[in-house]
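The values are calculated or read from the model by the stated rules, or taken from the named source; none is laboratory data. For clarity, every value in this text was computed on a predicted model and none was experimentally measured. Here Cβ is always computed from backbone atoms with ideal geometry, including for glycine, and neighbour counts include all displayed protein chains. Surface areas here come from the heavy atoms of the whole protein model, side chains and all, with no ligands, DNA or RNA. Shrake-Rupley method; radii C 1.70, N 1.55, O 1.52, S 1.80 Å.
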Amino acid sequence: MSIKSDRWIRRMAQDHRMIEPFADAQVRAGVISYGLSSYGYDMRVTRTFRVFSPVHCQVLDVKDFPLAAYQEVEAGTVLIPPNSFALGSSVERFRIPRDVLALCVGKSSYARMGIIINVTPLEPEWEGHVTIEISNTAPLPARVHHQVRQ
């Protein structure tokens, strides 16, 4: 297994469109950081979220998941109720090379609030926007922010 550096990620993004849009450096001023870091890339979440609400269902069943259990929210921020979750999507589109396996993990800024991001593998030759499951394990509502700067 080899870990890819920022130079490799930058080259793959610029020459092979592995990440689009691509932020060439870590952007931090006034936002939750995103962009290229030493050995990774912090992606952003879009303005559209699907917040889970147990009001419309009694039991969760992966074979018959009630779509009415989600409320779609389009906003700069979303409030996730205690012990609940929301689905989001990455701003960036990824094109993973054949010889690469990438992992999507959460940010420590949100982890300190009890926000957990489901670990998602981006498999070799996968292309698309990442669906992000954002769980609020805290006993209070938690606010998640869309990154408005491009």
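Observations, loosely collected:
- In the range 26-77, the qualifying residues are those that are charged (D, E, K, R) and within 14 Å of the chain's Cα centre (by Cα), and the one that is farthest from I9 (Cα to Cα) is R50.
- Among the residues of the range 1-33, those identified as of a type in the set (D, E, K, R) and at pLDDT below 85 are K4, R28.
- Cβ-Cβ contacts under 8 Å between residues 6 or more apart (or on different chains), taken from a first residue in the range 83-98 that is on the phi > 0 side of the Ramachandran plot and in contact (Cβ under 8 Å) with a residue 12 or more places away in the chain to a second residue that is in a strand (DSSP E or B) and crowded, with 19+ Cβ neighbours inside 10 Å, are listed as N83/N136.
- Of all residues in the range 88-147, those being open to solvent by 20 Å² or more (accessible area, probe 1.4 Å), of a type in the set (D, E), more than 21 Å from Y70 (Cβ to Cβ) and in a strand (DSSP E or B) number 1.
- Among residues of the range 6-30 that are within 14 Å of V100 (Cβ to Cβ) and in contact (Cβ under 8 Å) with a residue 60 or more places away in the chain, those with a beta-carbon under 6 Å from a residue that is open to solvent by less than 50 Å² (accessible area, probe 1.4 Å) and in a helix (DSSP H, G or I) at least six positions away or on a different chain give the pairs M18/M12; I19/A13.
- Scanning the range 35-78 for residues that are in contact (Cβ under 8 Å) with a residue 60 or more places away in the chain and surrounded by 15 or more Cβ atoms within 10 Å (Cβ to Cβ) returns D42, M43, R44, V45, T46, R47, F49, V78.
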